[in-house]
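Peer 1: Here you go, one structure.
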Amino acid sequence: MTDMRKCIGSTKFGIEAHEVPSENFPAQPSQKDGLGRMCIAHWKQYVRALGQAAKARKDAVVEVATEAAPTVPDPAAAKKARAAKLEPIRTRAPRGRRQATPAAGSQGDAG
């Protein structure tokens with residue numbers, strides 16, 4: 001008689017929980033018993049559904065972004081944006097050698 005385990009399934013993707021022989025589960029070393037929680041066939045179906053859902057979300061974001069973008073770009077704005085990218089950003093004064101200037105009334109002052 002084979003040892004039966006429960007495949008947990010996924011309600012989100014329409015995979016029903018059911019009993020399956022233990023040899024139909026993939027190895028999962030991080031689990032206490034060393035076996036996965038879904039049978040191999042449903043695990044593949046679950047991973048495929050996750051990938052399709054991620055692709056659909058990505059396509060929806062790209063579609064929204066293309067709708068919001070102007071169809072004809074403004075050449076002056078594009079030129080300004082390129083100039084802003086090329087201009088270096090300075091957060092402090094550049095370091096350099098300081099030249100000593102004599103104080104008024106010192107020996108270097110002629111007068």
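The values are calculated or read from the model by the stated rules, or taken from the named source; none is laboratory data. Given the structure is predicted, the values throughout are model-derived calculations rather than measurements. Areas reflect the complete protein model, heavy atoms only, side chains present, ligands, DNA and RNA absent. Shrake-Rupley method; radii C 1.70, N 1.55, O 1.52, S 1.80 Å.
Peer 1: For a 22 Å ceiling on Cα separation, which of these pairs sit above it: LYS32/LYS55; LYS12/LYS58; LYS6/LYS32; LYS12/LYS44; LYS58/LYS79?
Peer 2: LYS32/LYS55; LYS58/LYS79
Peer 1: Residues of region 1-72: accessible area per residue at 1.4 Å, in Å²?
Peer 2: Per-residue value: 78 Å².
Peer 1: Tally up the carbon and sulfur contribution to the accessible surface of region 1-54 as a whole percent, 1.4 Å probe, everything protein left in place.
Peer 2: Result for region 1-54: 56 percent of the exposed heavy-atom area is carbon or sulfur.
Peer 1: Then there is this: Taking θ as phi - 60°, what are the ³J(HN,Hα) couplings along region 10-16 by the Karplus curve (6.51, -1.76, 1.60), each to the nearest whole Hz, with x for Gly and Pro?
Peer 2: Working through the residues one at a time gives 8, 5, 4, 10, x, 9, 7 Hz.
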